[in-house]
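Novice: Take this structure, written in structure tokens, and hold onto it; I'll ask about it next.
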């Protein structure tokens, strides 16, 4: 199985050592144009270059369970999503946890997603899922891309893996509320 990673990190030195040590063939690093554009470029490149699996890494920490994501793709899942909820694997302030949980639950409810963490950016996709993502016209320009991806893939076979996530307690993701609400409405109205 040919596996690549996709990440919006601008500094390649921040990628954990395991990426090079685990048989992942290539990593795509995108930055500068925004989070959504980085992921969209990565989906297209991974699909166009024939990868069987792309593992999306949202940050430079917390993704030591990559092998479980890859195993679930090999066993037949089209996509695997990380979830920060359901235990003590989300390290951060109570306010940050509460806002992340609430925004994810609201999105899942309104978009009818079967997801315990609609805003997580730790994911894996097979060829079928990559094709959908590579061909989709996304509305998101920022952090809502992670929810819009789950919406685009809602009809595929998927599973979730509990991940460990350490956040910096920044409320920066929530400063984009107006943009996220606009994107949520676009998904509801335009599909």
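Novice: Go through the range 36-57 and give me each residue that's within 11 Å of residue 6 (Cα to Cα) and in a helix (DSSP H, G or I).
Specialist: 38, 39, 40, 41, 42, 43, 44, 45, 46
Novice: Does residue 88 meet the test of being assigned to a loop (DSSP other than H, G, I, E, B), out of contact with any helix residue (DSSP H, G or I) (no Cβ under 8 Å at 6 or more places or on another chain), at negative phi and modelled with pLDDT of 70 or more?
Specialist: No.
Novice: Give me a count of the residues in the range 145-170 that are assigned to a loop (DSSP other than H, G, I, E, B) and either out of contact with any helix residue (DSSP H, G or I) (no Cβ under 7 Å at 6 or more places or on another chain) or modelled with pLDDT of 80 or more (or both).
Specialist: Kept after step one, since they are assigned to a loop (DSSP other than H, G, I, E, B), are these residues of the range 145-170: 153-157, 163-164, 167-170.
In the following step, the residues that additionally are either out of contact with any helix residue (DSSP H, G or I) (no Cβ under 7 Å at 6 or more places or on another chain) or modelled with pLDDT of 80 or more (or both) were identified as 153-157, 163-164, 168, 170.
Number of matching residues: 9.
Novice: Give me the residue from the range 112-144 that is in a helix (DSSP H, G or I) and in contact with a helix residue (DSSP H, G or I) (Cβ under 8 Å, 6 or more places away or on another chain) and, out of that set, surrounded by the most Cβ atoms within 10 Å (Cβ to Cβ).
Specialist: 130
The values are calculated or read from the model by the stated rules, or taken from the named source; none is laboratory data. Worth saying up front: this structure is predicted, and the values here are computed from it rather than measured. No Cβ is skipped: glycine too gets one built from the backbone with ideal geometry, and neighbour counts run over all protein chains shown.
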